[in-house]
1. Let me cross-check LEU94: its accessible surface, 1.4 Å probe, with only protein heavy atoms counted, in Å² to the nearest 10?
2. Counting only residues 5 or more places away or on other chains, whose amide H sits under 5 Å from the amide H of ILE10 once H atoms are built in the peptide plane?
3. Given that just one value was derived from the coordinates, which of (1) 12, 37, 31, 15, 4, 0; (2) 13, 45, 33, 8, 0; (3) 11, 29, 19, 9, 10, 11, 9, 3 is P(r) over Cα pairs in 10 Å bins from 0, in percent?
4. How much area per residue is accessible in the range 23-125 when the probe is 1.4 Å and only protein heavy atoms are counted (Å²)?
5. Given +1 on the Cβ of Lys and Arg, -1 on the Cβ of Asp and Glu, and no further charges, what dipole in debye does the chain carry about its Cα centre, rounded to the nearest 20?
6. FRET efficiency for ASP23 and SER85, Cβ-Cβ distance as r, R0 = 35 Å, nearest 0.05?
7. Among ASP73, ASP36, ASP54, which one shows the highest mean-square fluctuation when the chain is modelled as a Gaussian network with alpha-carbon springs under 10 Å?
8. Counting pairs of alpha carbon atoms under 8 Å apart in space and at least six apart in sequence, what relative contact order in percent does the range 1-67 give?
Amino acid sequence: DRQQAEEAVIRLEHGRPIRFGADGGKGVVRDPATGDLKVVAVTPENEADILVHDAHNASPTTAFALSRLADPDTLHHTPIGVFRSVGRPVYDTLMADQLDTAVDQHGKGDLAALLAGGDTWTVAG
């Protein structure tokens, strides 16, 4: 039902504190001793400690920790939403850049010359 979903589902929104439950009464904080994330009841004393979700963080650490919050048996405290959204170059672009750099530094190369080159060896045995 709706109330059970409010208590079980943690909706992640970039730039907003990670709060859920009836009237946002629960939140996610980082344990200062271990660095782990845990769910706490929000109080005036710990409200400033509630983690603010940063989907654009270059490090995947927090996103991974959020993914591990869900209780595997009951699926309580299950985060949903965008865990991480970072811009990175695609493999094809990186490979093309690497090939262009190699051609600039060493010339185009000649496969026939490489195959007919003088560096050979004999395997004995």
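1. 90
2. THR78, ILE80
3. (3)
4. Ligands and nucleic acids excluded, the result is 78 Å² per residue.
5. Working: 11 positive and 19 negative charges, 28 e Å.
Value, rounded to 20: 140 debye.
6. On the way: r = 28 Å, r/R0 = 0.80.
Calculated value: 0.80.
7. Maximum fluctuation in the GNM of the chain, among the listed residues, is at ASP73.
8. On the way: 86 pairs, mean separation 19.0, N = 67.
Across the range 1-67, relative contact order equals 28 percent.
The values are calculated or read from the model by the stated rules, or taken from the named source; none is laboratory data. What you see is a predicted model, and the numbers here were worked out from it, not measured in a lab. Cβ: placed from backbone, ideal geometry, glycine included. Neighbour counts: every protein chain shown. Calculation scope for accessible area: heavy atoms of the full protein, side chains included, ligands and nucleic acids excluded. Shrake-Rupley method; radii C 1.70, N 1.55, O 1.52, S 1.80 Å.
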